[in-house]
1. Could you tell me the accessible area of Arg410 in Å² (1.4 Å probe, neighbours in place), rounded to the nearest ten?
2. Using a Förster radius of 25 Å, what is the FRET efficiency between Lys300 and Ala325 based on their Cβ-Cβ separation? Nearest 0.05, please.
3. Could you tell me how many cubic angstrom of Cα convex hull volume the stretch 282-421 has per residue?
4. Could you list the GluC sites (Glu not before Pro) in the stretch 98-160 that lie in coil according to DSSP, counting only those with at most 14 other Cβ atoms within 10 Å of their Cβ?
5. Just in the stretch 276-338: which trypsin sites (Lys or Arg not before Pro) are loop by DSSP and have at most 16 other Cβ atoms within 10 Å?
6. List the aspartates and glutamates whose alpha-carbon lies under 19 Å from that of Lys169, not counting same-chain residues fewer than 8 positions away?
7. Please list, or write none, the aspartates and glutamates whose alpha carbon is within less than 16 Å of the alpha carbon of Lys116, excluding same-chain residues fewer than 8 places away.
8. Quote to one decimal, in nm, the extra length available between Gln252 and Ser136 on full extension: 0.36 nm per residue of separation minus the C-alpha distance between them.
Amino acid sequence: MFSHLHRLLASTVMVMGVSIGAVSPLVTSTSVQAQETVGGNASDLTIPSNKISQTPTQTPAPTQGTVNFPDVSQDYWARPFIQALAERNIIVGFPDGTYKPEQPVTRAEFAAIIQKAFNQNRVRQLPTGGFRDIRSNFWAAQAITTAFETGFLSGYPDNTFRPNQQITKVQAVVSLASGLGLTGGDTAILASSYTDANAIPTYAVSQVAGATQASVVVNYPDIRVFNPEVPLTRADAAAHVYQALVRQGRLQPIASNLPAAQYIVGFAQTTTPPTGQTGSDIVTTASASNSFTVLASLLKTAGLAESLQQGGPFTVFAPTDEAFARLPKETLDRLQQPENRETLIRILTYHVVPGQLTASQLRTGEINTAEGKPVNVNVNTSENRVTVNNAQVTQADISASNGVIHAINRVLVPSDVSLRNLGGSGDQAGAEPGRATRGGRSYIGAAGNIGITGGGGSSLGEGNFAVISKIGLTNFLSIRPSAVFGDNTTVLVPLTLDLAPRAANPTGGQAFPISPYIGAGVAIETDNDAEVGLLLTGGLDIPLGSRFTLNGGVNAAFLDETDVGIQVGVGFNF
């Protein structure tokens, strides 16, 4: 057991070594003008102005490299789609380095692509027990659940999913249209677009029409032939998913002079974003959406609407109506009262970043906001997921004439603003146990403890099992209770300062985010001669997807003598 822990520890210590020398947050240096902040009055938020830089302040990160598959030649028809998605880790090749573009795609494989490509809100829940032919340890079980709950894929009437069945082209198009809400299209477009329109199944007519109007359909080698029942190839999958992301505004349309463009049905439409996105400013765009009615109203209440309608560009992390619904109704009501206007302005400007950052330009690190304090962005390329503080981006790259909007599922609150104290000064920081910090989410889990020195006689100085936890209190403070079990079980209760995440690349491979922390507290021996001593701690949290966090830490307990232990474990996020 401990040999395995030593191997895991070696990897963790390597990463810790990378970060210890750079404890301060990684924020790009900018001019003094760019660092000046927006005050608490609406009149101070004049953007653009000579007080706020038009270039966002953000942590740099390695750029994405070009991915080349030996079996996808320079003149292969789907190369632009395949290469773009591979660079974003939405699609991957095989162990031998090939892509196999002509190989059919199974329903499980398509679900995995869907999970990586889209961050849609869940619209339904998979019933308890799930599909009867999908075991919990099946490689694509989580992807299938996500694809079902976000509305992209469904099962069969006998409660099976049939993961290894090849997905047909019409099924894939229906899936994309359903997940993106591209239904109810004018079915007359089918007869004018496809010579085999009569072969499209009745159940798929509405979705195929909607996808056709949205320029999601790609027909190779003949743009006029839909071929609904042919198996979807890996090249076809890349092309259709790429076009779906173009429809969402998350990717740019391919250049019209590329050969691949001639196979996109209605290609001219893809160069024109949906109505109301590029011709309208940020406030008008938000007001026209059913998702941001509360935000639009609050911007007017705070007197910020005019400032965000003029000038720019801006990046706005916009809480949806569902995000505001998470706040107690009385809190939302109090925020709109005149005496709390300054607090409302601070909260709203905390969602605004001077300059424009699309989803592809976001990097893990801190970004300065118009409020003056930074938000912490975490970009998980493996899951195609972006979080801002403790909020997740649910829809990216909603374009406006003076910037871009990213929808988020939580309201962001500056660390020194307490919603509990509304009606007072509004500047006292309140703790919210269990919240996410700038270093990541709270968790509870298990670890192995490796004793380094054990002169104090506690279990910390020996090889033992441990229970670990992180309970976020504010944006930058956590309490991390843990217990190391042994002959002299020791309880550790440190308060830690959680530093901002930064990118680590200790082996020269793909970079990944790490979140350092340092702190102090008490160590408590629980034997008959119970003793309490000073505890010093430090370590790293490394996110493992959205559900788990890898933790590696060093603890030093000053008891009769000094006991030092290294813990390596995994926590379940909550």
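The values are calculated or read from the model by the stated rules, or taken from the named source; none is laboratory data. Fair warning: this is a prediction, and the values are worked out from it, not measured in the lab. Cβ coordinates were reconstructed from backbone atoms using ideal geometry, including for glycine residues, and neighbour counts include every protein chain displayed. SASA here: full protein model, heavy atoms, side chains in, ligands and nucleic acids out. Shrake-Rupley method; radii C 1.70, N 1.55, O 1.52, S 1.80 Å.
1. Per-residue accessible area (Arg410): approximately 100 Å².
2. Working: r = 19 Å, r/R0 = 0.77.
The calculated FRET efficiency here is 0.85.
3. On the way: hull volume 13.9 nm³, N = 140.
Spread over its residues, the Cα hull of the stretch 282-421 gives 99 Å³ apiece.
4. Working: sites: Glu102, Glu109, Glu149; in loops: Glu102.
Here the GluC sites (Glu not before Pro) that fit, given the DSSP loop and packing criteria, are Glu102.
5. Answer by residue number: Arg326.
6. Hits, sequence-local ones excluded: Glu102, Glu109, Asp196, Asp222, Glu229, Asp236.
7. Glu87, Glu149, Glu383
8. Details: separation 116, 0.36 × 116 = 41.76 nm, distance 3.69 nm.
Length gained, Gln252 through Ser136: 38.1 nm.
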